[in-house]
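One structure is given here, and the rest of the page talks about it.
The values are calculated or read from the model by the stated rules, or taken from the named source; none is laboratory data. None of the values given here were measured: they were computed from a predicted structure. Don't worry about glycine lacking a Cβ; one is built from the backbone with ideal geometry, like all the others, and counts go over all protein chains shown. The protein model used for the area step is the full one, side chains on, heavy atoms only, and it has no ligands, DNA or RNA in it. Shrake-Rupley method; radii C 1.70, N 1.55, O 1.52, S 1.80 Å.
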Amino acid sequence: MSKRLLATACAILLCSSAVAQEKSTGPIKIGVIADMSGIYQGNSGKGATVAVQLAVEDVGGKVLGRPIEVMTADHQDKPDVASGIARRWYDQEGVSAIVDVVSSGTSLAVAAVANDRKRVFLASNAASSAFNMDQCNPYTVQWRSDTFASAKAITESTLKAGAKNWFVIAADYNFGHALEREITQIVTASGGKMLGSVRHPVGTPDFASYILSAQNSGADVVALANAGDDMVKALKTADEFGLLTSPKQKMVSMLVFITDVHALGLKTIKGLVVASDFYWDMDEKTRAWAERYYKVMGSMPTMTHASDYSATLQYLKAMELAKSDKAEDVLAMMHKMPIEDMYARKAVLREDNLLTHDVLLLQVKTPQESKRPWDYYKIVDTIPGEKAFRPIADSKCPLVKK
């Protein structure tokens, strides 16, 4: 070998050694891809980053003796933007795990990249049951309630009250389609009837025609299968058309966040029953964490912010227990170790990579019942995870051993 070739070979070996050293001693990077300016910023946005930073604080800012770095990006509600960020972060930035990624469309795009790159995606802000059904993968963990659990909690409680005929207003993308499908399954299985449905584009400015279709259907129940600003606009329009106070029709919403209640006001939606994974005022643990969040944000956390925190906290704990930052090692430990925190109550990470846990049934208080700011809910029921979520035997996830 010539001296020049020998020098080149040595340089390559030294470079490879330096890269390996950097990977083993450099920071552990957690990436938050969120909606910073669109219709879902209320239950994602800056609050998602704050929640993740609180989890980092609670493990002492380090894992495996290495500092933890939190990165943030805005996906602008565009799947191609979200997947592009994920590819760059995994390939070039050395990001170990991505968190949040609100909306099912953008989250499914990131899940595909995570699976391809064999990196962790903590889908802590995506609801579609696709993540634990036909589109599940070994590297994506769904941390919050899926559309099945949300639909089951609200639909079953409403059916028990005697409402049998239903009409659905759904967002026209994966999340809305999944909710509409699962509402239909639960209603028909219980002897109820679906009288019809309409779908609206995400970010639609005018819900008048959709609310009129629902009113004219004659349904006992009008169910909203949308979220964020779309859900808020739909409820405002329903209030204007008298649907919220109608003695003949009942309105329910499958996904309501406390920030939505804050925006709409108790006078408008008092009495509305909602399902949630988390309520800040549930107990001492939730209140203590929420106050830390409030000091930074000036608002109380939604269940998705609590989910962002919990997913990140348990991921970092698993990394420490596994003594490895390799995705397969950390995920294997997450399946083995007990998972319990102020968000994840009686939690189990199933083989379909869905985290099951207690789900709360809440009722919005009247203005007279509310004693202080953000005191918005009464806890009606706590549904155990084994009853709230789809049975594992019904899963279509290829990770599940039949």
Reported set for segment 98-112 where residues are open to solvent by less than 10 Å² (accessible area, probe 1.4 Å), part of a helix (DSSP H, G or I) and of a type outside the set (Gly, Ala, Ser) is Thr106, Val110
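Every residue, every condition in (1) surrounded by fewer than 18 Cβ atoms within 10 Å (Cβ to Cβ); (2) outside any helix (DSSP H, G or I); (3) in contact with a Phe, Trp or Tyr (Cβ under 8 Å, 6 or more places away or on another chain), yes or no:
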| residue | (1), (2), (3) |
| --- | --- |
| Met282 | no, yes, no |
| Lys285 | yes, no, no |
| Glu291 | yes, no, no |
| Lys295 | yes, no, no |
| Pro301 | no, yes, yes |
| Gln314 | no, no, no |
| Met319 | no, no, no |
| Asp329 | yes, no, no |
| Met333 | no, no, no |
Filter result for the condition that a residue is of a type in the set (Gly, Ala, Ser) and under 30 Å from Leu272 (Cβ atoms), over Ala344, Ala327:
Ala344
Return the pair list, or none, for Cβ contacts closer than 6 Å from residues in segment 29-40 that are touching a residue at least 24 places away in the same chain (Cβ under 8 Å) and open to solvent by 10 Å² or more (accessible area, probe 1.4 Å) to residues that are assigned to a strand (DSSP E or B) and small (Gly, Ala, Ser), at least 6 apart or on different chains.
Lys29/Ser96
Any hit, segment 132-152, residues being farther than 24 Å from Lys387 by Cα and of a type in the set (A, V, I, L, M)
no
Over segment 86-97, the set of residues among the aliphatic types (A, V, I, L, M) and in a helix (DSSP H, G or I) is Ala86
Can you tell me which residues in segment 351-402 are open to solvent by less than 10 Å² (accessible area, probe 1.4 Å), among the β-branched types (Val, Ile, Thr) and within 20 Å of the chain's Cα centre (by Cα)?
Val359
Cβ-Cβ under 7 Å, sequence separation 6+ or interchain: first residue in segment 227-253 and in contact (Cβ under 8 Å) with a residue 24 or more places away in the chain, partner part of a helix (DSSP H, G or I) and of a type in the set (Asp, Glu). Which pairs?
Met231/Asp260; Val232/Asp260
Look through Asp77, Asp116 and report the one residue that is within 24 Å of Asp134 (Cα to Cα), at pLDDT below 95, out of contact with any Phe, Trp or Tyr (no Cβ under 6 Å at 6 or more places or on another chain) and open to solvent by 10 Å² or more (accessible area, probe 1.4 Å).
Asp77
